[in-house]
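Here the structure is laid out as C-alpha cells; the discussion comes afterwards.
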Amino acid sequence: LAMGDAAGARKEFETLVKLLGDETRLKRESRETWARAAYAAKDFAAAAAAYGRLHESFKDAPVYAYECAVCKEKLNLWADAEKWYGIADKSKDRLPPDYAKVIAQNLARVRLQTGTGDMGAAYWLERLGASTTDPEFEGAVVALGKIVGGGKPNRETVAQLQKIHEQYPPESPRHYSAGAVLLQMMAAQDDMTGAQKLSGKLATDFSAREK
C-alpha cells in the first residue's frame, strides 16, 4: 500500500485472512490498512463493508462509522450515509478534530439529498449568519432553495430566517439573497400577505440603492 499498489495490498490481506481463517484475528491496525487499501482502489462498497465490520468490533471508535458513511456517500447511497454519519455524530467528541468539524455539514448535505426531516434546514440557516464566508452563505442559499422546492419549510424555519434577514441592512447584498429565500418560503406556506409585503420592501430597498 505504501508503494501505491492498493490492489496488490488488498490481495495480500485477502490471502492472509484465508490463512488465519477469520478477519478478527488480524490486528486492528491491519484491518484499518485493509479498509484503506479498498478505498484507495476505489472499491467503495468493499471499503464501506470493512469499516462497518471495524465499527462492530470497536464501537468505542466512531471514526469507523464516519469512514463507512464517506464510502456510502461515494456510492450515492444517501440513506445509508445518513445512518452512518448519524452513528458517528452521537460520539463526535471522540472523532478526530477534522472529522468533528465537518460532520454537521455532512449530515445536512445527505439529508438534503434524502429529503429526511427538515433536510438539514437548521444547519443551512446557521450558514446564513453574519460570521460565515460568502461561499458558505451562497451554498446555504442554494440548499434552502432546494428545501423550498421540496415543500419542506415549516413555520419555525420561516421565523428563524426572518430574524436572520432583519440583521442585514439594505446596503448588503445578503439582504436580498436572504430575502429572496424568505419570499419563496412565505409563498410555499401560502402566506401571500406576508410575501407581498416583503416583495414590496425588497423592491423599494433595491430601487433606493440603485439610485
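The values are calculated or read from the model by the stated rules, or taken from the named source; none is laboratory data. Note that the coordinates shown come from a computational prediction; the quantities given were computed from them, not determined experimentally. Cβ placement follows ideal geometry from the backbone for every residue including glycine, while neighbour counts extend to all protein chains displayed. With ligands, DNA and RNA removed, areas are computed over all heavy atoms of the protein, side chains included. Shrake-Rupley method; radii C 1.70, N 1.55, O 1.52, S 1.80 Å.
Observations, loosely collected:
- Any hit, the range 195-207, residues being within 21 Å of the chain's Cα centre (by Cα) and in contact (Cβ under 8 Å) with a residue 24 or more places away in the chain: no
For every residue, the table says whether it meets (1) in contact with a Lys or Arg (Cβ under 9 Å, 6 or more places away or on another chain); (2) touching a residue at least 12 places away in the same chain (Cβ under 8 Å); (3) more than 27 Å from K163 (Cα to Cα).
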| position | (1), (2), (3) |
| --- | --- |
| W84 | yes, yes, yes |
| K90 | no, yes, yes |
| D93 | no, no, yes |
| A100 | yes, no, yes |
| N106 | no, yes, no |
| L112 | yes, yes, no |
| G120 | yes, yes, no |
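- For A208: the one exception among (1) touching a His at 6+ places or on another chain (Cβ under 9 Å); (2) over 24 Å from Q105 (Cα atoms); (3) of a type in the set (A, V, I, L, M): (1)
- Qualifying residue in the range 60-74 (condition: among the aliphatic types (A, V, I, L, M), open to solvent by 50 Å² or more (accessible area, probe 1.4 Å) and not in a loop (DSSP other than H, G, I, E, B)): no
- Within the range 153-168, if we keep just the residues that are in a loop (DSSP other than H, G, I, E, B) and within 21 Å of R209 (Cβ to Cβ), the residue that is least open to solvent (accessible area, probe 1.4 Å) turns out to be Y168.
- Any hit, the range 93-100, residues being assigned to a helix (DSSP H, G or I) and crowded, with 16+ Cβ neighbours inside 10 Å: yes
- Check on A79, free of Cβ contacts under 8 Å to residues at least 24 places away in the same chain, aliphatic (A, V, I, L, M) and assigned to a helix (DSSP H, G or I): no
- In the range 111-130, the residues that are closer than 16 Å to V142 by Cβ and in a helix (DSSP H, G or I): R111, L112, Q113, A121, Y123, W124, L125, E126
- Tally, over the range 92-122, of residues that are at pLDDT 95 or above and small (G, A, S): 1
- Counting only residues that are open to solvent by less than 30 Å² (accessible area, probe 1.4 Å) and more than 12 Å from the chain's Cα centre (by Cα), the range 116-142 holds 5 of them.
- Complete set of residues in the range 1-58 that are over 25 Å from the mean Cα position of the chain (by Cα), outside any helix (DSSP H, G or I) and exposed (fewer than 14 other Cβ atoms within 10 Å of the Cβ): A2, M3, G4, G21, D22, K27
- Members of the range 169-193 that are open to solvent by less than 20 Å² (accessible area, probe 1.4 Å) and in contact with a helix residue (DSSP H, G or I) (Cβ under 6 Å, 6 or more places away or on another chain): A178, G179, V181, L182, M185, M186
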